[in-house]
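For reference, the structure is listed below as structure tokens.
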Amino acid sequence: MTEDELKNLTADKVVDARGTACPGPLLAAKQKIAEVQSGQVMEVQSTDVGTKRDIPKWCNKMGHEYLGTVEEAGYFKIFFKKQ
Amino acid sequence: MAKMVIGLFSGSIDRLTGAGVISSGAAALDMDIEIYVLIMGARAFMKENSEKINELSETPHLQDQFFNGLDKNKVKKWHEFLKDVKEITNVKILICGLAGKIWGGEKTDDFIDLVDDICGVGEYVDAATNADLHLFI
């Protein structure tokens, strides 16, 4: 998805993992994904730079569709669709 | 399900923390985890020691910097990582019988609640042989 599309995307579930260091955001994604249905979109917010690489790799491994990352002031929004 | 086996020999805070972080990554990937706690590691898992562990493995002069970094980044304690991982995936934590005896731990109750059982080294070697990922920390 383009950055503009991502910025206009409303996630079905938003997980605020800001302020936690690795592996906090990844574990938050792992734990909270159980709360969304297949095909729904989750947004993980993180201040940890490594998460930008970690969650796309995790999505690839788990079969979820990584949609993209948007950089906000001081944090990132990482979007993916549950398989 | 893929399995990660850790031979946790170290009882140093930096390596224990590392083991917790790596286990978290494995849990996120839905891996089963078996941790075999060996010689020095068993000391850290003793009930009376788990909160006192503060030695670094190789760089004692960096101890203050290490702990300041943990605090600044709100990093969990080493055993808190393992507790959380146990809530996410299948984790077995087994203490090597000999290692336990060295530090005065003869039974499971002598160790923190995360510990599942006492084992022999043969089980560790067998598990490591059959694991998808084996780490010796």
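Yes or no, residue by residue, for (1) within 14 Å of chain A (Cβ to nearest Cβ); (2) assigned to a helix (DSSP H, G or I):
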| position | (1), (2) |
| --- | --- |
| B:Val75 | yes, no |
| B:Glu80 | yes, yes |
| B:Ile88 | yes, no |
| B:Gly122 | no, yes |
| B:Asp126 | no, yes |
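Just one of (1) closer than 24 Å to A:Thr20 by Cβ; (2) surrounded by fewer than 14 Cβ atoms within 10 Å (Cβ to Cβ) fails for B:Ser24. It is (2).
Just checking, how many residues over the stretch B:25-45 are within 14 Å of chain A (Cβ to nearest Cβ), farther than 16 Å from B:Asp126 by Cα and either within 14 Å of the chain's Cα centre (by Cα) or in a helix (DSSP H, G or I) (or both)? Steps first, please.
Taking the stretch B:25-45 as the starting set, the residues that turn out to be within 14 Å of chain A (Cβ to nearest Cβ) are B:25-31, B:33.
Narrowing further to those that are farther than 16 Å from B:Asp126 by Cα: B:25-31.
So of that shortlist, the ones also either within 14 Å of the chain's Cα centre (by Cα) or in a helix (DSSP H, G or I) (or both) come out as B:25-28.
Of the residues in the stretch B:25-45, 4 are within 14 Å of chain A (Cβ to nearest Cβ), farther than 16 Å from B:Asp126 by Cα and either within 14 Å of the chain's Cα centre (by Cα) or in a helix (DSSP H, G or I) (or both).
Comparison of A:Glu65, A:Glu35, A:Glu3, A:Glu71 shows that the only residue that is over 10 Å from the mean Cα position of the chain (by Cα) and closer than 26 Å to B:Gly69 by Cβ is A:Glu71.
Of the residues contained in the stretch B:91-107, one or more are found to be modelled with pLDDT of 95 or more, within 14 Å of chain A (Cβ to nearest Cβ), surrounded by 16 or more Cβ atoms within 10 Å (Cβ to Cβ) and closer than 20 Å to B:Lys3 by Cβ.
The residues of the stretch A:27-60 that are among the charged types (D, E, K, R), assigned to a helix (DSSP H, G or I) and within 11 Å of chain B (Cβ to nearest Cβ), listed by number, are A:Lys30, A:Asp54, A:Lys57. The number of residues in the stretch A:62-78 that are without any contact (Cβ under 8 Å) to a residue 12 or more places away in the chain, of a type in the set (Gly, Ala, Ser) and assigned to a strand (DSSP E or B) comes to 0.
The values are calculated or read from the model by the stated rules, or taken from the named source; none is laboratory data. In this text the structure is predicted, and so the values were computed from the model without any measurement. Glycine also receives a Cβ, built like all others from the backbone with ideal geometry; neighbour counts cover every protein chain displayed.
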